[in-house]
Structures are given as structure tokens and as C-alpha cells.
Amino acid sequence: MIIAITGASGVGKTTVLKELSNILSGDGRVKVFHFDDMELPNWDELDDSKKWQQEATTEWIDKLVHSARNDNAHILFEGSTEIKFYIEGFRKNSYQDYQILLFDCSEETMKHRLIERGQPELFHSNMIGWLNYLRREAKRAEVEVIETDKATVSEIVQALIEKLHVK
């Protein structure tokens, strides 16, 4: 199974997956990947960031599906990308054993988290717009929403472990 997690900056994607990685370290049945492990472009020089995101997401899904099939492993992947790009990538690969999750939190929580991690500049109207866009897209695609400010990191990690049927 592949679990693809999306969400705006500051909703807790990386924090949760770091904790999950710590708990499952050494368990070869689960692999964790982060969109930002890919070489990112210079955003100022990029002509079409949406097209780049779509192509990069498809490239990632190709790799994730290959790993899931060939390594007999469960995959957790996080990246702040559009849900429809995930769906397109899985369809292209004729892969059906996946779930997309949206990590979400209140704007106040997001702002606090971004300030706490030293990136207050990421809390702006465009990021709020992105958060709201992902919420609408999740509703439209019937994607499960995990409200990260209504559960502890440990509770969210445990829920992910249960979804993967490990431990």
C-alpha cells in the first residue's frame, strides 16, 4: 500500500513522518519518502510551476509504485502537491492500492508552527489560499482529512501504522 499525504506548509506532514520513521526504523516493510528529497527548481526562473509540480508528482509516483511492487514494501510519501496529480500518477501506473490523505489544521495552528520552526514568512495569503484549495480538492475527491491540531503526533502515527497493517 502507498499512503500519499498532502497539505500546506505547517500542517505537520514532516513532523508526523519523522516520528513514524523513528518508530519503524529497521522495519524494511515500510519506506518513507518526502517530495522535497527531489532536487527543487529555482522558483524565480520557473515558467510554469503548476506544470513542474504535475510532472514531478508523476515522476515520484512512478518511483513509489516501482518500489512498492518490487520491494514488497508499504510506502508513505509526503508532499505539498495537488490531489489530482496524485490520482493521475496512480492511474497512469495502473496502481490501486493507495490512499491519499490531507493533513490539515487551523490557520492559527499553522501560523504558530511556522513561527516555531523559524519560517514565519511562509504564513501569508497565498499559503492560506493553498490550504483552502486543498480542503476543497479533498472534499471533491472524497479524500480523508487528518486534522493534526485535534490529535497528538503519536495518535496520528498510530493511525497510520494501523492503515498500513504493521506492528
Exercise. Divide by every residue of the chain the summed helix terms, -39500 (n - 2.57) for each DSSP H run of at least 4, and state the resulting mean residue ellipticity at 222 nm, rounded to the nearest 500 deg cm²/dmol.
Key: -16000 deg cm²/dmol
Quiz item: So for Lys111, Lys84, Lys51, fewest C-beta neighbours within 10 Å to most, what's the order?
Solution: Lys51, Lys84, Lys111
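State to the nearest 20 debye the size of the charge dipole of the range 1-128 about its Cα centre, where the only charges are +1 on K and R beta carbons and -1 on D and E beta carbons. Could you put the intermediate results ahead of the total?
On the way: 14 positive and 22 negative charges, 101 e Å.
That gives a dipole near 480 debye.
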Self-check item: Among Trp60, Trp52, Trp130, residue whose mean-square fluctuation peaks in a GNM of the chain (springs only between Cα atoms under 10 Å)
Solution: Trp52
Quiz prompt | For log10 I(q)/I(0) by the Debye sum over Cα atoms at q = 0.09, 0.11, 0.13, 0.17 Å⁻¹, calculated from these coordinates, the label among (1) -0.29, -0.44, -0.63, -1.10; (2) -0.41, -0.52, -0.65, -0.95; (3) -0.46, -0.57, -0.71, -1.02 | solution = (1)
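Provide the net charge surrounding His34, with neighbours chosen by a C-beta distance below 10 Å and charges set as Lys +1, Arg +1, Asp -1, Glu -1. Mind showing how you got there, number by number?
Values: positive: Lys13, Lys18; negative: Asp36, Asp37, Glu78.
Neighbour charge sum, excluding His34 itself: -1.
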Quiz item: Using the Cα gyration tensor of the range 74-146, with a ≥ b ≥ c the square roots of its eigenvalues, what is the shape: rounded (a/c below 1.5), prolate (a/b larger than b/c) or oblate (neither)?
Solution: prolate
Quiz item: Across the range 90-100, in residue order, what do the Karplus-derived ³J(HN,Hα) couplings come to in whole Hz, using 6.51 cos²θ - 1.76 cosθ + 1.60 with θ = phi - 60° and x for Gly and Pro?
Solution: 5, 5, 4, 8, 6, 10, 10, 8, 9, 9, 9
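Around Ile83, what is the net charge, scoring Lys/Arg as +1 and Asp/Glu as -1 over all other residues with Cβ under 12 Å from its Cβ? Provide the component values of the computation, followed by the final result.
Working: positive: Lys84, Arg135, Arg136, Lys139, Arg140; negative: Glu82, Glu88, Glu137, Glu142, Glu144.
Residues close to Ile83 contribute a combined charge of 0.
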Quiz item: Taking amide H positions as placed 1.01 Å from N in the peptide plane, with prolines and chain starts having none, which residues 5 or more places from Leu101, or on another chain, fall under 5 Å of its amide H?
Solution: Ala4, Ile5, Thr6
Quiz prompt | Table column - 3J(HN,Hα) (Hz), the range 52-64, Karplus curve with 6.51, -1.76, 1.60, x for Gly and Pro | solution = 4, 4, 4, 5, 5, 5, 4, 4, 4, 4, 3, 5, 5
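Coordinate-derived values only; no laboratory data. A quick note: this is a predicted structure, and the numbers were derived from the prediction, not measured. No Cβ is skipped: glycine too gets one built from the backbone with ideal geometry, and neighbour counts run over all protein chains shown.
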